[in-house]
Each structure stands twice: as structure tokens, then as C-alpha cells.
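**Q** Sharing a structure here in C-alpha cells format.
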Amino acid sequence: MENHENLQAQFLLAFDSYNDAIFRFCLLKVSRGEIAQDITQEVFMRYWQSLQKGEKFKNERAFLYAIARNLVIDWYRKRKDQSLDIALESGIDFKGDGLESVTKDSEIAEVIAILGKLDPEDQEILLLRYVEGFPPKEIAKLISQSANVVSVRIHRALKKVQSIMGVESKEQRIDLT
């Protein structure tokens, strides 16, 4: 009985610590609140099942993101007929009020539109790095690549974002003079 209580405490701590971040990650990936909520719930169901099986985790956060990432991939596989562009065209419901909310909504929509123009792999790496705050080393573990490869991919993805935005990087200006 004591072990069950320890598992519950571990689960509740992880849920309280990571629920919002996992939901945000899923929402940015699927662009639909109800689907993101369903995936988030499934993430924590699978985490609970793993705890009950006695699995040990070096990094619970990374484990939860790996589950979320795999569930999002599964969701897209089931829905091959829809792409991120279609989801963006249908609109995303960001609640809020006033001018600050309108500005925030338009900025979020702009970021999502730019991400939508990137390859799914680039989207994922940028979301993990800059939205969820994972360092390259942890991202590398999640996607089974080296930290150096992840760093290069982040750099290249940022270059693509700059290109989409029409922003000239410092390196480009130096090369031109």
C-alpha cells in the first residue's frame, strides 16, 4: 500500500509540474485544443501505467515529452488527409480580451504560420528548444541524434525562419561587405 501511495505522489508531482507544458507542446503540434487535451491525458495515462510497471526514469520530463511526441506522430499518421496548413486555415481559438490580447493573438498566429512553413522535423526542434526550453543535449536524447547534430539542425531551422521572415542575419551582412 505504501508503494502505491509513493507512486501516486510521484505521478501527482509530475502532473502538476508538466501538465501545462505538455498541453502547450501538443497544442502547438496539432493546433486543436480538444485534440491536444486528449493527447495530454493519454501521455499521463501512459506515464501512470509505466510507473505501475515499476519503470524508472532518469528524466521524467524527457520521458513525458517522448510520449507526447510519439502520440502526436500517431495522431498525424491517422489523419494523413489533414496537414498543419489546413489546421491553420481553420483557425486557432486563443481566448483573451482587449488590444493586448489581439496583439498577442496575431503574434501567435504569425509564429504558427512561420512554423507551418518549416519541415515537421524543424518545427519540432524549434518548439522543443525555444518553447519548451530543452537544451540540445536533451533534445538529442528525445530524437535519437547527437547533440552536435541537434545544434546544427537548430541553427539551420533558425536560418530558414529568418529567410521566411525576410530578415538578414549578421553573417550575411558581413559576407556582403
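**Q** How many residues are at pLDDT 85 or above, in a helix (DSSP H, G or I) and farther than 20 Å from L71 by Cα when one looks only at the stretch 127-154?
**A** 10
**Q** Restricting the stretch 155-177 to residues that are at pLDDT 85 or above and among the aliphatic types (A, V, I, L, M), which is surrounded by the most Cβ atoms within 10 Å (Cβ to Cβ)?
**A** Step by step, filter the stretch 155-177, then rank; the result is A157.
**Q** For the stretch 112-150, how many residues meet the condition of being on the phi < 0 side of the Ramachandran plot, surrounded by fewer than 18 Cβ atoms within 10 Å (Cβ to Cβ) and of a type in the set (S, T, N, Q)?
**A** Final tally of qualifying residues: 3.
**Q** Going by the structure shown, is Y76 modelled with pLDDT of 60 or more, of a type in the set (F, W, Y) and not assigned by TED's automatic domain parsing to the domain that holds Y18?
**A** no
**Q** Would you call E124 modelled with pLDDT under 80, acidic (D, E) and not assigned by TED's automatic domain parsing to the domain that holds K29?
**A** no
The values are calculated or read from the model by the stated rules, or taken from the named source; none is laboratory data. Because the structure is predicted, anything quoted here is derived from the model rather than measured. Quick reminder, even Gly has a Cβ in these numbers, built from the backbone with ideal geometry, and neighbours come from all protein chains shown.
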